[in-house]
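As structure tokens, the structure follows; a few thoughts come after it.
The values are calculated or read from the model by the stated rules, or taken from the named source; none is laboratory data. Just so it is clear, the model here is predicted, and its values are computed rather than measured. Here Cβ is always computed from backbone atoms with ideal geometry, including for glycine, and neighbour counts include all displayed protein chains.
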Amino acid sequence: MIFLKVIMLVFGFTILHELGHVVCSHLLKLKITGIGVAYAPLPHFYVSVKWPYKLYQKVLYLLSGFFVYVIIVSGCLFFYSGNITNLSIKYALAIQLIIETNPIYSDFVILQIVKEIYVKSKNSINFKSLYKEAYTQHLFSKFWYLHFFLWTLIIFSLTKMI
Ligand SMILES: [Zn+2]
């Protein structure tokens, strides 16, 4: 039963994460081009927008999903006065953090390669191919290994905390 609750909560957190991107795109006046499920490299929800020209817009847009997670954690900590005793919520928050910081397709991966794309995609025409190229270069680079290391550190700390 707890397994099902955790799955439902993670699903809910993911929807809220994507809503964060939607709200942010409205605030930044970015045109939403698609909301849905992508299957590669792993199944995940996504919100896509007409890629903004300004770097700060890209960064804010990419971080808006994780910002929602931070709000959720803060809200839970506040509600439980600093010690989340509900196991389902605790596990779901941990799983969500692992998903949101993963080094394969998370917003933090895009954030790392976004500067590179930014330089090349001022006209933003060929964003998809530019992204693919930058992603291939980023994978297994020293920054990627650093990200992977920090991610395993997060997972390790979470297993200690729970
Ligand atoms: Zn996101």
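For residues that are at pLDDT below 70 and either aromatic (Phe, Trp, Tyr) or within 16 Å of the ligand (Cβ to nearest atom) (or both), tally how many sit in the stretch 101-126.
Adding up the residues that qualify gives 1.
I'd like the full set of residues that are within 11 Å of the ligand (Cβ to nearest atom) and either of a type in the set (A, V, I, L, M) or surrounded by fewer than 16 Cβ atoms within 10 Å (Cβ to Cβ) (or both), limited to the stretch 12-23.
The answer is 16, 19, 22.
Quick check on the stretch 127-142: of everything there that is aromatic (Phe, Trp, Tyr) and surrounded by 15 or more Cβ atoms within 10 Å (Cβ to Cβ), which residue is nearest to residue 90 (Cα to Cα)?
Going through the qualifying residues, I end up with 135.
All but one of (1) surrounded by fewer than 17 Cβ atoms within 10 Å (Cβ to Cβ); (2) at pLDDT 95 or above hold for residue 42, so report the exception by its number.
Of (1) surrounded by fewer than 17 Cβ atoms within 10 Å (Cβ to Cβ); (2) at pLDDT 95 or above, only one is false for residue 42: (2).
Do we have any residue at all in the stretch 73-88 that's at pLDDT below 90, more than 11 Å from the ligand (Cβ to nearest atom), crowded, with 16+ Cβ neighbours inside 10 Å and assigned to a helix (DSSP H, G or I)?
No, that holds for no residue.
Being surrounded by 13 or more Cβ atoms within 10 Å (Cβ to Cβ), under 26 Å from residue 115 (Cβ atoms) and within 15 Å of the ligand (Cβ to nearest atom), is that true of even one residue in the stretch 4-11?
No - not one qualifying residue is present in the stretch 4-11.
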